[in-house]
Every structure is written in C-alpha cells, then in structure tokens.
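K.L.:
Here's a structure for you.
Just so it is clear, none of the values below were taken in a lab; they were calculated from the coordinates. These numbers were taken from a predicted model, which means no experiment stands behind them. Cβ coordinates were reconstructed from backbone atoms using ideal geometry, including for glycine residues, and neighbour counts include every protein chain displayed.
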C-alpha cells in the first residue's frame with residue numbers, strides 16, 4: 001500500500017492484515033508530526049510523555065512502520081491465537097522521542113488480535 005493510502009486510515013483503523021490473522025492498527029498519538037520539531041523544553045517533554053504518546057521520528061513513515069512491524073511479528077511467531085504480550089526491540093539509532101528524549105527502543109504490543117508499536121525509553 002502507498003504511504004498516501006496509509007494516511008487515509010483512521011486512528012485505530014487497520015493498516016494491514018497479516019497472514020497469521022493479526023492486524024496492524026494505526027495509533028496517531030505515536031506518529032511524527034511537523035509540530036514535534038517546533039517544541040522544546042517542558043512542552044516537548046509533555047508532548048512525548050506516556051499520556052500524549054511517545055513519537056516516532058520523521059524517518060518512520062507509516063510504510064516503514066508497517067513493513068518493520070510485520071517482519072517483527074513474523075519473527076516473534078505471534079498469531080491470532082497468541083496471548084496478549086509485548087516485546088521490546090533495541091535499534092542501532094534513535095527511532096523517536098519519549099519523555100522529551102531521543103530513544104532507540106520500540107515496544108511492540110499484542111492485544112485482541114491487533115498489534116501496534118511505539119518508541120520507549122526503557
């Protein structure tokens with residue numbers, strides 16, 4: 001699917017249906033927006049906190065996110081029969097921001113046959 005098609009998917013909507021029965025859902029609160037680069041200090045920290053949602057950086061397009069997440073879910077051997085769980089992946093370079101700081105980890109969450117991922121500090 002093209003990036004422009006992914007952008008039409010609503011928050012909580014399905015970005016991709018995987019062969020294993022799971023779906024990748026969109027979570028707007030973790031997506032990069034131009035505003036991310038305009039904020040600083042305490043405002044930036046609040047904008048990337050747990051409540052507002054950590055943010056992926058600009059390089060993490062929805063296309064990249066879906067491709068990467070699909071590969072990870074397959075490697076983890078998760079299916080629609082798997083119990084709810086999460087897994088954290090350490091990357092070689094920063095992937096986004098959490099609590100105002102660049103982070104190199106991504107947490108993948110599986111719940112109710114759906115998966116999504118977001119940058120984490122720990």
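K.L.:
Could you work out how far apart the two model spin labels at residue 3 and residue 75 are, taking each label as a point 7 Å from the Cα in the direction of the beta carbon, and quote it in nm?
P.N.:
Those two pseudo-labels are separated by 2.3 nm.
K.L.:
Regarding the stretch 56-122, what whole-number volume in Å³ per residue does the convex hull of its Cα atoms give?
P.N.:
86
K.L.:
Of 62, 76, 18, which has the largest mean-square fluctuation in a 10 Å C-alpha GNM of the chain?
P.N.:
It is 76.
K.L.:
In addition: Below 8 Å, C-alpha to C-alpha, sequence gap of six or more: please give me the relative contact order for the stretch 3-120 in percent.
P.N.:
Normalised by residue count, the contact order of the stretch 3-120 is 28 percent.
K.L.:
Helix-derived [θ] at 222 nm for the chain: sum -39500 (n - 2.57) over DSSP H runs of at least 4, divide by residue count, nearest 500?
P.N.:
Value at 222 nm, helices only, nearest 500: -6000 deg cm²/dmol.
K.L.:
To continue, here is another question. Roughly speaking, what is the stretch gain from residue 14 to residue 85, that is 0.36 nm per residue apart minus the C-alpha to C-alpha distance, in nm to one decimal?
P.N.:
Gain on extension, residue 14 to residue 85, equals 23.6 nm.
K.L.:
Which number do you get for Rg(Cα) / (2.2 N^0.38 Å) in the stretch 15-83?
P.N.:
1.34
K.L.:
Which residue, 38, 88, 61, has the most motion in a Gaussian network model of the chain that connects Cα atoms within less than 10 Å?
P.N.:
For the chain, modelled as a Gaussian network with Cα springs under 10 Å, the answer is 38.
K.L.:
Same structure again: Test of understanding: what is the full-extension gain from residue 58 to residue 39, defined as 0.36 nm times their sequence separation minus their Cα-Cα distance?
P.N.:
Length difference between fully extended and current span is 5.4 nm.
K.L.:
Just for the Cα atoms in the stretch 3-120, what are the lengths along the principal axes, largest first, rounded to whole Å?
P.N.:
Sorted largest first, the three principal extents are 43, 28, 25 Å.
K.L.:
Could you give the nm distance between label points at residue 29 and residue 49, where each point is 7 Å from its Cα heading toward the beta carbon?
P.N.:
1.2
K.L.:
Let me ask another. Could you tell me how many degrees, from 0 to 90 and to the nearest 10, lie between the Cα long axis of helix 62-76 and the main elongation axis, the longest principal axis, of the Cα atoms of the chain?
P.N.:
Once rounded, one gets 50 degrees.
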